[in-house]
1. Residue farthest toward the positive end of the dipole of the stretch 165-302, with Cβ of Lys/Arg at +1 and Asp/Glu at -1: which of Val167, Asn290, Ile245?
2. Which angle between 0 and 90 degrees, to the nearest 10, do you get for helix 76-87 versus the longest principal axis of the chain when only C-alpha atoms count?
3. Restricting to bridges with both residues inside the stretch 195-302, how much of the DSSP beta-bridge set is antiparallel, in percent to the nearest 5?
4. Once you keep just the Cα pairs under 8 angstrom separated by 6 or more residues, what percentage relative contact order results for the stretch 116-199?
5. Once the other residues with Cβ under 11 Å from the Cβ of Leu221 are scored (Lys, Arg +1; Asp, Glu -1), what is the net sum?
6. Taking all protein chains in place and a 1.4 Å probe, what share, in percent, of the accessible surface of the chain do carbon and sulfur account for?
7. At most 13 other C-beta atoms within 10 Å and a DSSP loop state: those are the exposed trypsin sites (Lys or Arg not before Pro) I care about. Give me the longest piece of the chain that has none.
8. Give the shape of the chain as rounded, prolate or oblate, defined through the alpha-carbon gyration tensor: a ≥ b ≥ c are the square roots of its eigenvalues, a/c under 1.5 means rounded, and otherwise the shape is prolate if a/b is larger than b/c and oblate if not.
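The values are calculated or read from the model by the stated rules, or taken from the named source; none is laboratory data. Only a predicted model underlies this, so the values are computations on that prediction, with no experimental measurement involved. Cβ: placed from backbone, ideal geometry, glycine included. Neighbour counts: every protein chain shown. Please note that ligands, DNA and RNA were not included when accessible areas were found on the heavy atoms of the full protein model with its side chains. Shrake-Rupley method; radii C 1.70, N 1.55, O 1.52, S 1.80 Å.
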Amino acid sequence: MSAKLIKGTVIREEILAELRAETEELKQKYGRVPGLVTILVGENPASVSYVTLKIKTAKRLGYNEIQDSQSPDITEDALLRLIEKYNHDDDINGILVQLPLPDHIDEKKVLNKIDPDKDVDGFHPVNVGRLMIGGDEVKFPPCTPAAIQEMIVRAGVETKGAEVVVVGRSNIVGKPIANMMMQKGEGANATVTVVHTGTKNLAEHCLRADILIVAAGVPGLVKPEWIKKGACVIDVGVNRVGEKISEKTGKKIAVLSGDVDFEPACERAGFITPVPGGVGPMTITMLMKNTMKSFKYSLGLL
Ligand code: NAD
């Protein structure tokens, strides 16, 4: 193996340490800490475990974290009123509604109700627009794309003038990361190509990439021969490809794999993110970073 691993687990700890120190400093100075509310409707096990992880991380940082669990029978109106309440709560800087929502609730209506200045997930159309404009307009970059960019920068990979190829055009990963990488500024200023299910000659495009970002959700889609020698490969894919017994707990756990054929890809890439342990652990970290940013806006520091 020759590629350098970009480990999300390591970068996560660096960023969390920075945020913890910043929280302490601001608490001393202003007597307040960042506030984040997570609204969970029902008890979908995947949502519960994701929300639990968010709460644990927020608490580690010293944030004020509220978990607001609601019955799966809550009406759409009641949920909208709840969001409105948090929109006006000065102690809350970030509002997160855990998806998916039950069928009787219109997800779009709910997400659009969140005050864009508290939308730390960055999915509100106002924040999507701000991201598109770029520069100082950007308040909350969406968490997974922000994680990708942060990992590229912290690995010391040059982005200015680089050929970036993004595989996938979803609203949560492909489109926003493509947009971010083409903006002027640090960690960007690249020439970006987006490829997707309608693309001819996928391999040909990938082979041109100095930085290849793959978010397709197809295990092993990217073959080693599609990777330019020395390229930086960011594998966003998280695919369940089997089950195994955990050595730690003795319980059944999922075997995860990325969208890149990892072992042989390491022989060609210069840098690569592993799955698991790559982009995955970074997403909640970037949520915490956005919450800190929102808190600083509220203090007039940004
Ligand atoms: P999505 O299904 O919404 O989008 C996938 C995109 O890939 C589509 O735009 C599609 O056109 C493209 N695609 C699919 N198959 C293709 C093929 N054969 N050739 C070319 N393009 C193809 O998925 P998403 O939400 O963007 O997520 C993608 C992957 O990233 C998933 O595995 C998901 O689990 C993972 N993910 C991880 C994180 C994280 O680690 N924090 C966050 C979000 C998504």
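1. Farthest along the dipole direction, towards plus: Asn290.
2. For 76-87 against the chain, the angle is about 90 degrees.
3. Taking every DSSP beta bridge within the stretch 195-302, about 45 percent pair in antiparallel fashion.
4. It rounds to 28 percent for the stretch 116-199.
5. Once positives and negatives cancel, what remains is -2.
6. Within the chain, the accessible surface is 52 percent carbon and sulfur.
7. 1-159
8. Note, shape of the chain comes out prolate.
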